[in-house]
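The values are calculated or read from the model by the stated rules, or taken from the named source; none is laboratory data. Every value quoted in this text rests on a predicted model; they were computed, and no experiment measured them. In this analysis, Cβ positions are derived from the backbone assuming ideal geometry, glycine residues included, and neighbour counts consider all displayed protein chains. Accessible surface is based on the protein model in full, side chains and every heavy atom, while ligands, DNA and RNA are left aside. Shrake-Rupley method; radii C 1.70, N 1.55, O 1.52, S 1.80 Å.
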Amino acid sequence: MDYSVEHDSVPVLSTSDPTASTTSTASTTSNASIASIASTASNASIASIDPTALVESGGEAGAGSTVGPGSWVRHGTVLRNVAVAGGVFIGFRCRIESAEIAPGCQIASLARIGRPGGAGVLVEGGAWIGARAVVEPGVRIGAGAVVAAGAHVTGDVPADTLVVGRPARSLRRREVTEDGLPDFGAIIGRVRARRDSNRRPLPAGWVSDGGGVLDAELSGGPDVHLGAGVIAMGRSDGPSPRGGLRVGPGVSIGARAVLEASDGIDIGAGSTLGPGVLVVSSGHDLTRRSLPWQGGPVSIGAGVRIGADATVVGPCVIGDGAEVRAGAVVVGDVPARHTTSGVLERNRS
């Protein structure tokens, strides 16, 4: 229900500025250039990045931060005074301050952990922090714990416990098969070997305002607009043949949206996704210690409106004419012409 890591079709690196305002047409990509692997990230004051780690560009790894062997930090993530152990995955545009991340942890896109000047956060081995989750200063996330997408964690989470909601509350304990912590070494090797990342042409009738990373299989249109800094990933040669972003005519995707289409995202004609929207078409098998990838396709109907900074986690179907309010977290189907605040609406009921 969160994001894909077992993926061999991901952007390697992008040098472009997400705030740039260049226009792309059918014959060009939104970013033609690829940086070398960011062994020093975008901030040369980083204390240490292990040579076997992969830190993508577009973010910041500040003074006092370290990244251990075999870890992978994706485009746009900011680390400040953070110790990342070996074998850790961190998704797109996360912000982590004053924290220690133990081996085997996975942190999904747009997560926020700690705050400037706050007490340190400890994320113990094999824990999973879901998409756009918030973990406040001084919190300890126990080994193997799972923080659901959009959760707001203000207190310690026991080991092997699933927490959900705002504020986060315990839902249940995990019963797991002990198959070891995840290992990202093989996929990092495949990523380093790629030569076509972020060079895929936009389909005819698509326009991009530039920046971000476009490494998805893109199809559909015409009259499709991508705002500045959009990130899109997912191809049919990845973990699922459904991988890719398929859209109808007249679709608009707002600035700095993140579309993780490893198991496919379909968007109907005339739909609008606001700035900062996150759509994730995959999750993980919570019954195994290694948290392997699971598909979760997302289908968004025609004439749908998704407000700014909303999060949609598959598998789910959003019906024609539905509205997802700004900031909502949607983890299930939304009927046609229905308006929802997602899991927040459920919590209030």
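Put simply, of Val331, Val317 the only residue that is in contact with a helix residue (DSSP H, G or I) (Cβ under 9 Å, 6 or more places away or on another chain) and either acidic (Asp, Glu) or open to solvent by 10 Å² or more (accessible area, probe 1.4 Å) (or both) is Val331.
Note on region 322-341: among residues that are of a type in the set (A, V, I, L, M, F, W, C) and touching a strand residue (DSSP E or B) at 6+ places or on another chain (Cβ under 8 Å), the one that is nearest to Ser299 (Cα to Cα) is Val334. Cys105 falls short on exactly one of the conditions (1) touching a Lys or Arg at 6+ places or on another chain (Cβ under 9 Å); (2) open to solvent by less than 10 Å² (accessible area, probe 1.4 Å), and that condition is (1). Kindly list, by first and then second residue, each pair from a residue in region 162-187 that is at positive phi to a residue that is surrounded by 13 or more Cβ atoms within 10 Å (Cβ to Cβ) and part of a loop (DSSP other than H, G, I, E, B), limited to pairs with Cβ atoms under 9 Å and residues at least 6 apart or on different chains. That search, which allows pairs on different chains as well, returns Gly165/Ala148; Gly165/Gly150; Gly165/Ala151; Gly180/Gly104; Gly180/Arg289; Gly180/Ser290. Given Asp266, Asp309, which one is in a strand (DSSP E or B), surrounded by 18 or more Cβ atoms within 10 Å (Cβ to Cβ), within 18 Å of the chain's Cα centre (by Cα) and acidic (Asp, Glu)? Among Asp266, Asp309, only Asp266 is in a strand (DSSP E or B), surrounded by 18 or more Cβ atoms within 10 Å (Cβ to Cβ), within 18 Å of the chain's Cα centre (by Cα) and acidic (Asp, Glu).
Could you figure out which of (1) touching a residue at least 12 places away in the same chain (Cβ under 8 Å); (2) open to solvent by 20 Å² or more (accessible area, probe 1.4 Å) isn't true of Ala261? For Ala261, the failing item is (2). When Arg80, Arg115 are checked against the criterion of being assigned to a strand (DSSP E or B) and surrounded by fewer than 23 Cβ atoms within 10 Å (Cβ to Cβ), a single residue qualifies: Arg80.
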